[in-house]
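Take a look at this one; I'll ask things after.
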Amino acid sequence: MNGIVRPKGYNVSWHSNPDIEKHHFGHAHPMKPWRLTLAKGLIMSYGMHTAMDTYVSRMATREELEDFHSAEYMEYLKTAKVALPDDDNPKEFNLGSSDCPIFEGLFNYCSMYAGASIDAARKLCNEEADIAINWSGGLHHAKKAESSGFCYVNDIVLAILQLLRKHPRVLYIDIDVHHGDGVEEAFWSTDRVMTLSIHKYDGYQFFPGTGDLDRTGPDSEENPGAHHAINVPLADGIDDEQYVWLFKTIVGMCVDRFRPTAIVLQCGADSLAGDRLGRFNVQVQGHGACVAYCKSLNIPLLLVGGGGYTPRNVARAWAHETSIAIGCDANLNPIIPAHTPYRSHFRHDTIFPTLDQILGEPRPNKNPDKKIREIVASITEQLRFVNM
Ligand code: TV7
Ligand code: CA
Ligand code: ZN
């Protein structure tokens, strides 16, 4: 068929649950769990599932959720009554805003995507997988006792806590267009997790408004977390060439200095060109090159999803990245198989839609090369203080 062969001596585990995809945030809300159905359809129509260990994920238990979240917040999340969002009366724990509405089945939705990330992390811990994938996870804004930016439970923090049971050092990398503030905050005071987020930053307006270059960790040198937060603030329109160069350069330096024994990569697809909320001009190729680079490091790797608000592009990116994980990307026919479910969603002005060609007006690039080099210089300086 498409030359999908299970890689020898290399295991990729894929964690998903069709029940997650059925939840709705509300009519106009940009977060559409249904994009996962579209991605899964693409992955399966290429036959990629035959090259992975596939698991239908279970719900995280209350105890597991409370490894990070407060019991009061989890109780409220479980019992909150569905109501129309009201921004003027933000409820307890920031629940019930238009960003974080209380919808039907909310607690089950959260438990399921968290369960999938926890399971995926455990596969890496017991060495049953070299790469573990949960495209329904990556919800990086959730705090200990607060929902934020479409995120209620922080599955990434929960997965990293699992990894830390076995791994001395975990590198967290976040290529979502938004700043990974929840994960950064959770591990702010430890030197066992280094967090690196690349994001759009304009000082105040673009959500969540944090992630400036000089936010590198606690100010006190006595605090082990000092220098272990890395932020790459960018302007609109960054292209593949700049983005991939930055990614490889900075991740390469982090790995050299920090020597992580596990890596978690949040693959938020809202950094792609044409995203409804994003501002960048990254292509499926460039986004995927970040995944390929992490794989090439030969360190246990957890891939999670995240943002992504133009569903056909999200599905393309995550299907392409699944093919990179199992190593069949070079043999894949770029033309989307005729039997792909919802194939018409991928068709625009072409009869034969492809996996890599995404639709989206290029945005003017506001990132001068000089600025990109200055960011690298600043992070090089920061990493001199990290000595493992
Ligand atoms: C990880 N941007 C999450 C990214 C979270 C971004 C925001 C919206 C938005 C919400 C809607 C909606 C929207 C077209 C876009 C300050 C506000 C401004 C709500 C209208 N349309 C991730 C969160 C961000 C909800 N929030 O990183 C219902 O855009 O900027 C804000 C906050 C207050 C609330 N209003 C937006 O990608 C998964 N929200 C339509 C309907
Ligand atoms: Ca990011
Ligand atoms: Zn995002």
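Consider the range 108-124. How many of its residues are buried (at least 19 other Cβ atoms within 10 Å of the Cβ), more than 16 Å from ligand 3 (Cβ to nearest atom) and under 17 Å from C151 (Cβ atoms)?
Of the residues in that region, 9 qualify.
For the list (1) free of Cβ contacts under 8 Å to residues at least 60 places away in the same chain; (2) closer than 21 Å to V12 by Cβ; (3) in a loop (DSSP other than H, G, I, E, B), I need the number of the one condition that R58 fails.
R58 satisfies all of (1) free of Cβ contacts under 8 Å to residues at least 60 places away in the same chain; (2) closer than 21 Å to V12 by Cβ; (3) in a loop (DSSP other than H, G, I, E, B) except (1).
For the range 157-178, does any single residue satisfy the condition of being within 16 Å of ligand 2 (Cβ to nearest atom), touching a residue at least 40 places away in the same chain (Cβ under 8 Å) and assigned to a helix (DSSP H, G or I)?
Keep residues of the range 157-178 that are within 16 Å of ligand 2 (Cβ to nearest atom), which gives 157, 160, 171-178.
From what is left, the residues that are touching a residue at least 40 places away in the same chain (Cβ under 8 Å) are 157, 160, 171-178.
Then keep just the ones that are assigned to a helix (DSSP H, G or I); that gives 157, 160.
Yes.
Matching residues to (1) among the polar types (S, T, N, Q); (2) within 16 Å of ligand 3 (Cβ to nearest atom); (3) modelled with pLDDT under 95:
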{"site": "I20", "(1), (2), (3)": "no, no, no"}
{"site": "L36", "(1), (2), (3)": "no, yes, no"}
{"site": "G41", "(1), (2), (3)": "no, no, no"}
{"site": "V56", "(1), (2), (3)": "no, no, no"}
{"site": "K78", "(1), (2), (3)": "no, no, no"}
{"site": "P85", "(1), (2), (3)": "no, no, yes"}
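Still on this model: Does D99 count as in contact with a Phe, Trp or Tyr (Cβ under 7 Å, 6 or more places away or on another chain) and among the acidic types (D, E)? Please lay out each step first, then the result.
Working: in contact with a Phe, Trp or Tyr (Cβ under 7 Å, 6 or more places away or on another chain): yes; among the acidic types (D, E): yes.
Spelling it out, D99 is indeed in contact with a Phe, Trp or Tyr (Cβ under 7 Å, 6 or more places away or on another chain) and among the acidic types (D, E).
Ok, one more. Just name the residue that is surrounded by the fewest Cβ atoms within 10 Å (Cβ to Cβ) out of those in the range 304-319 that are within 15 Å of ligand 3 (Cβ to nearest atom) and over 21 Å from D181 (Cα atoms).
Looking only at the range 304-319, we keep the residues that are within 15 Å of ligand 3 (Cβ to nearest atom), and these are 304-311, 313-314, 317-318.
When the remaining residues are screened for being over 21 Å from D181 (Cα atoms), the result is 310-311, 313-314, 317-318.
Working: T310: 23, P311: 20, N313: 28, V314: 27, A317: 29, W318: 28.
Step by step, filter the range 304-319, then rank; the result is P311.
Still on this structure, please answer the following. Which members of the range 206-246 meet the condition of being open to solvent by less than 30 Å² (accessible area, probe 1.4 Å), under 25 Å from R169 (Cα atoms) and β-branched (V, I, T)?
I230, V232, V244
Report, by residue number, each residue of the range 362-388 that is in contact with a Ser or Thr (Cβ under 7 Å, 6 or more places away or on another chain) and either aliphatic (A, V, I, L, M) or closer than 20 Å to D202 by Cβ (or both). Working first, answer last.
So in the range 362-388, the residues in contact with a Ser or Thr (Cβ under 7 Å, 6 or more places away or on another chain) come out as 376, 382.
Result: V376, single match.
Here is a further query. Among the listed residues V153, V177, which satisfies the condition of being touching a Cys at 6+ places or on another chain (Cβ under 6 Å), under 28 Å from G288 (Cβ atoms) and open to solvent by less than 10 Å² (accessible area, probe 1.4 Å)? Write out each step before concluding.
On the way: V177 fails: touching a Cys at 6+ places or on another chain (Cβ under 6 Å).
Matching residue, one of V153, V177: V153.
When the range 337-375 is examined, which residues are found to be in contact (Cβ under 8 Å) with a residue 60 or more places away in the chain and either touching a strand residue (DSSP E or B) at 6+ places or on another chain (Cβ under 7 Å) or among the aliphatic types (A, V, I, L, M) (or both)?
L355, I358, L359, N367, I372, I375, listed by residue number.
Could you please find all residues in the range 229-240 being touching a Gly at 6+ places or on another chain (Cβ under 8 Å) and not aliphatic (A, V, I, L, M)?
Within the range 229-240, N231, P233, D239, D240 meet the criteria.
Suppose we filter the range 321-379 for residues that are more than 23 Å from the chain's Cα centre (by Cα), of a type in the set (A, V, I, L, M, F, W, C), more than 21 Å from A273 (Cα to Cα) and in a loop (DSSP other than H, G, I, E, B); how many remain?
Count: 3.
Another question, then. Under 6 Å between Cβ atoms, at least 6 apart or on separate chains: pull out the pairs that start in the range 284-309 with a residue that is over 17 Å from W14 (Cβ atoms) and end on any residue that is away from ligand 1 (no atom under 16 Å from the Cβ) and of a type in the set (F, W, Y).
Going by the 6 Å Cβ cut-off, the qualifying pairs are G286/Y243; C290/F247.
Take the residues in the range 137-150 that are part of a loop (DSSP other than H, G, I, E, B) and away from ligand 2 (no atom under 16 Å from the Cβ); name whichever of them is surrounded by the most Cβ atoms within 10 Å (Cβ to Cβ). Working first, answer last.
Filtering the range 137-150 for residues part of a loop (DSSP other than H, G, I, E, B) gives 137-142, 144-145, 147, 149-150.
Cutting the leftovers down to away from ligand 2 (no atom under 16 Å from the Cβ) gives us 144-145, 147.
On the way: K144: 15, A145: 16, S147: 29.
Filtering first and then ranking leaves S147.
Turning to a different aspect of this structure: With respect to V291, is the statement that it is of a type outside the set (D, E), surrounded by fewer than 24 Cβ atoms within 10 Å (Cβ to Cβ) and either modelled with pLDDT of 95 or more or farther than 20 Å from A186 by Cβ (or both) true? Explain how you work it out, then say what you get.
Values: of a type outside the set (D, E): yes; surrounded by fewer than 24 Cβ atoms within 10 Å (Cβ to Cβ): no; either modelled with pLDDT of 95 or more or farther than 20 Å from A186 by Cβ (or both): yes.
Judged against the criteria, V291 is not a match.
Give the number of residues within the range 261-303 that are among the small types (G, A, S), within 16 Å of ligand 3 (Cβ to nearest atom) and under 18 Å from H320 (Cα atoms).
Pass one, the range 261-303, residues among the small types (G, A, S): 262, 268-269, 271, 273-274, 278, 286, 288-289, 292, 296.
Retained after the next criterion (residues that are within 16 Å of ligand 3 (Cβ to nearest atom)): 268-269, 271, 273-274, 278.
Right, trim to under 18 Å from H320 (Cα atoms) and you get 268-269, 271, 273-274.
Counting residues in the range 261-303 that are among the small types (G, A, S), within 16 Å of ligand 3 (Cβ to nearest atom) and under 18 Å from H320 (Cα atoms) gives 5.
Of all residues in the range 331-374, count the ones that are of a type in the set (S, T, Y) and open to solvent by 90 Å² or more (accessible area, probe 1.4 Å).
Narrowing the range 331-374 to residues of a type in the set (S, T, Y): 340, 342, 344, 350, 354.
Filter once more, keeping what is open to solvent by 90 Å² or more (accessible area, probe 1.4 Å): 342.
Residues meeting the conditions: 1.
Let me ask something else about it. Would it be correct to say that A28 is farther than 17 Å from G306 by Cα, in contact (Cβ under 8 Å) with a residue 12 or more places away in the chain and more than 19 Å from the chain's Cα centre (by Cα)? Break it down into steps so the answer makes sense when it comes.
On the way: farther than 17 Å from G306 by Cα: yes; in contact (Cβ under 8 Å) with a residue 12 or more places away in the chain: no; more than 19 Å from the chain's Cα centre (by Cα): yes.
For A28, the condition - farther than 17 Å from G306 by Cα, in contact (Cβ under 8 Å) with a residue 12 or more places away in the chain and more than 19 Å from the chain's Cα centre (by Cα) - is not met.
In the range 61-89, what residues are aromatic (F, W, Y) and either free of Cβ contacts under 8 Å to residues at least 24 places away in the same chain or within 16 Å of ligand 1 (Cβ to nearest atom) (or both)? Step through it out loud before you land on a result.
Step one: list which residues in the range 61-89 are aromatic (F, W, Y), which gives 68, 73, 76.
Passing the criteria: only Y76.
The values are calculated or read from the model by the stated rules, or taken from the named source; none is laboratory data. Quick caveat: nothing in here was measured; it's all calculated off a predicted structure. Counting neighbours? That spans all protein chains shown, and the Cβs are built from the backbone with ideal geometry, glycine included. Ligands, DNA and RNA are excluded from the accessible area calculation, which covers all protein heavy atoms including side chains. Shrake-Rupley method; radii C 1.70, N 1.55, O 1.52, S 1.80 Å.
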